[in-house]
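The values are calculated or read from the model by the stated rules, or taken from the named source; none is laboratory data. Keep in mind that this is a model prediction, so the values were computed, not measured. FYI the Cβ positions are ideal-geometry reconstructions off the backbone, even for glycines, and counts take in every protein chain you see.
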Ligand SMILES: [Zn+2]
């Protein structure tokens with residue numbers, strides 16, 4: 001069972017969407033950096049880095065970074081990006097990724113992609 005990816009192209013020049021957790025309905029507060037336990041990560045492909053990683057998901061991110069570092073030593077290989085690795089993840093059948101691309105005019109047409117990783121199944125730790 002591999003990860004499920006939902007790709008959404010937001011309409012050109014539309015106000016960026018407010019994202020909510022599909023499990024508990026909590027609003028993702030990207031300004032304050034406050035997320036519910038179901039948000040495993042938020043990844044920004046254009047900057048090739050994470051905006052947020054949950055403590056639980058951190059070991060997976062560390063594993064991905066290790067694989068990429070090892071690949072860089074074998075410099076003949078095509079380098080994989082963190083983005084590719086996230087989309088290739090296996091054994092994360094309870095995860096859903098939403099890849100949201102917004103676009104609009106800045107100094108010309110621009111687009112920006114955010115990859116949200118949700119863990120749909122979490123054992124509740126506090127109740
Ligand atoms: Zn939630």
Somewhere in segment 7-16, is a residue part of a strand (DSSP E or B) and farther than 18 Å from residue 88 by Cβ? yes
Consider segment 32-57. How many of its residues are within 18 Å of residue 122 (Cβ to Cβ) and assigned to a loop (DSSP other than H, G, I, E, B)? 8
If you take the residues in segment 18-32 that are exposed (fewer than 12 other Cβ atoms within 10 Å of the Cβ) and more than 8 Å from the ligand (Cβ to nearest atom), which one is modelled with the lowest pLDDT? 31
Between a first residue in segment 5-31 that is touching a residue at least 12 places away in the same chain (Cβ under 8 Å) and under 24 Å from residue 122 (Cβ atoms) and a second residue that is away from the ligand (no atom under 16 Å from the Cβ) and assigned to a loop (DSSP other than H, G, I, E, B), which pairs have beta carbons less than 7 Å apart while being 6 or more apart in sequence or on different chains? 17/10
